[in-house]
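Participant: Handing you this structure, nothing more for now.
The values are calculated or read from the model by the stated rules, or taken from the named source; none is laboratory data. Keep in mind it's a predicted model, so treat the numbers as computed, not measured. Reconstructed Cβ throughout: ideal geometry from the backbone, glycine too, with neighbour counts over all protein chains shown.
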Amino acid sequence: MNKKITTLHQRRGLGLPWRLAIISSYVNRHGSLQKKENLGLPWPTPFLAAPVLILCAGLALAPGHAEAAGAVYTATEAGVLPTGSTRVVRAANEGGEIVGTAQGNKGHQGFFIGGNGLQEIAGLPAGSDYSTVLGINKHSQVVGSVNTATGMRAFRSRQTSGIDLLGTLPGDTSSSASAINTPGKAAGWSSGADGVHAVIWSPEGAIEALPMLPDSSACRGQAINDRGDVAGACDTTSGPRAVLWKGGTAQDLGTLPGDYESAALGINDRGDVVGSSGNPEAVHHAVIWPAGGAIQSIGALSNRRWSQALAVNNNQEVVGVSSDGYSKEHAFLWTEKDGLQDLNDLLTSNSGFELTHAIAISAQGLIVAIGHDKVIHTAASSHETHDLPLRIFRLKRPSGGAH
């Protein structure tokens, strides 16, 4: 699929959810995708929710290094999504092309934002509805899921035109593709009477089940790098656990000390994995599992107790969201050298908006983030941001600017 996006057609007025952690759809027992709003994080657990709805395919990566200290970003608005309906921004590629899910005439519909503005995914099977786009690679190929007459099915676009439905494991009835790498290999899950299995699809469409953890009941692949390593999560008897599938094995990435659940949401080509770890008091912190190293807490922004890492580039720069648990969500940038920084403090000038989630970052430092118009946060206005238009931004370091 090239930048003309021949499988898409223009559509205006689509709306999306401003919170990435709000689930816009779910799979019922028959394997169909239905509308479900305001469920919060759990689906089926707080950490298996993220692999299904949060973006975080991450940006395609290239060599290089960009330091965060003193970095100043200019923000360019890529789109505005109106209020009043489901709005979820899912992922972006290294060129800043953005995908997600919006409310259209046929229910939830996958969308793409490129050089020609917001476009709805076209070319899906006749009679299908409730489509969602979860991932995009640097060739502008997209993956996601769509309701069909026989259940929810994963799909992948071709590089030239059209959409291909991706299969399920033998005997399963539903599937969804969460991410796609540069060679065209996709990762996601397949479900049926025997449970939910993390899977990968080859560029030719062949499906392969990834191994389960020994005590797991359900697994989902969330992110995939160009080497074919997959990051995601599994339900286990001791709680949801972040998993790395590499070399034909499933590795339990563990949790921070004292926590009992974790999820992996992003992976880079080095094998660094990012996500979150949580404890019984529902305090969740963004974490990174460096390739070959032990889990490391990224922490939370000042006056916020909760955080989640959504993407990591090959320079080990991490982006995500930090919150007080309610409406005060701010996007962050983290590096090992400079620690955790509020992206709102790294803009070139005072803005009339707040950045709430940073969902992707390239090796060159291009960040895709979402936000809304600034509000004064009070107890009475804690939910006002839900009624504001969702603004989508591309953040870039100016040529010759601070690094």
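Participant: Looking at Pro211, is it touching a Cys at 6+ places or on another chain (Cβ under 9 Å) and either among the basic types (Lys, Arg) or surrounded by fewer than 18 Cβ atoms within 10 Å (Cβ to Cβ) (or both)? It would help to see each step written out before you state the result.
Facilitator: Details: touching a Cys at 6+ places or on another chain (Cβ under 9 Å): yes; either among the basic types (Lys, Arg) or surrounded by fewer than 18 Cβ atoms within 10 Å (Cβ to Cβ) (or both): yes.
When the stated conditions are applied, Pro211 passes them.
Participant: Let me ask something else about it. Among the residues of the stretch 348-374, what is the count of those that are in contact (Cβ under 8 Å) with a residue 60 or more places away in the chain and of a type outside the set (A, V, I, L, M, F, W, C)?
Facilitator: Number of matching residues: 8.
Participant: A further question follows. Is one or more of the residues making up the stretch 180-190 crowded, with 16+ Cβ neighbours inside 10 Å and among the charged types (D, E, K, R)?
Facilitator: yes
Participant: Output the residue which, of all residues in the stretch 328-347 that are in a loop (DSSP other than H, G, I, E, B) and touching a residue at least 24 places away in the same chain (Cβ under 8 Å), is surrounded by the most Cβ atoms within 10 Å (Cβ to Cβ).
Facilitator: Lys328
Participant: Let me ask you something else. If only one of Ser140, Ser145 is outside any loop (DSSP other than H, G, I, E, B), of a type in the set (Ser, Thr, Tyr) and either closer than 26 Å to Ala311 by Cα or touching a strand residue (DSSP E or B) at 6+ places or on another chain (Cβ under 7 Å) (or both), which one is it?
Facilitator: On inspection, the qualifying residue turns out to be Ser145.
Participant: Suppose we keep only residues that are touching a Phe, Trp or Tyr at 6+ places or on another chain (Cβ under 8 Å) and either β-branched (Val, Ile, Thr) or not in a strand (DSSP E or B) (or both) within the stretch 223-253. Which one would you say is farthest from Ala282 (Cα to Cα)?
Facilitator: Top of the filtered list is Asp229.
Participant: Next up: Applying the selection to the stretch 360-403, what residues are modelled with pLDDT of 65 or more and in a loop (DSSP other than H, G, I, E, B)?
Facilitator: Scanning the stretch 360-403 gives Ser362, Ala363, Gln364, Gly365, Leu366, Lys374, Val375, Ile376, Leu388, Pro389, Arg397, Pro398.
Participant: Being among the hydroxyl-bearing types (Ser, Thr, Tyr) and part of a loop (DSSP other than H, G, I, E, B) is the filter here, so list the residues in the stretch 280-327 that pass it.
Facilitator: Kept after step one, since they are among the hydroxyl-bearing types (Ser, Thr, Tyr), are these residues of the stretch 280-327: 297, 302, 307, 322-323, 326-327.
Answer for the stretch 280-327, where residues must be among the hydroxyl-bearing types (Ser, Thr, Tyr) and part of a loop (DSSP other than H, G, I, E, B): Ser302, Tyr326, Ser327.
Participant: While we're looking at this one, here's another question. Scanning the stretch 122-166 for residues that are without any contact (Cβ under 8 Å) to a residue 60 or more places away in the chain and under 13 Å from Ile180 (Cα atoms), which turns out surrounded by the fewest Cβ atoms within 10 Å (Cβ to Cβ)?
Facilitator: Leu166
Let's see how each residue does on (1) of a type outside the set (Gly, Ala, Ser); (2) within 21 Å of Val142 (Cα to Cα); (3) in contact (Cβ under 8 Å) with a residue 40 or more places away in the chain:
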position: Met212; (1), (2), (3): yes, no, no
position: Asp215; (1), (2), (3): yes, no, no
position: Leu253; (1), (2), (3): yes, no, yes
position: Asp269; (1), (2), (3): yes, yes, yes
position: Val274; (1), (2), (3): yes, no, yes
position: Ser297; (1), (2), (3): no, no, yes
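Participant: Also: Taking the stretch 85-130 only, how many residues are part of a strand (DSSP E or B) and in contact with an Asp or Glu (Cβ under 9 Å, 6 or more places away or on another chain)?
Facilitator: So the answer is 10.
Participant: On to the next question. Given the conditions (1) more than 21 Å from Asp164 (Cβ to Cβ); (2) touching a helix residue (DSSP H, G or I) at 6+ places or on another chain (Cβ under 9 Å), report the number of the one that Gly188 does not fulfil.
Facilitator: (1)
Participant: Has the stretch 130-138 got at least one residue that is farther than 25 Å from Ser362 by Cα and more than 14 Å from the chain's Cα centre (by Cα)?
Facilitator: The answer is yes; a qualifying residue exists.
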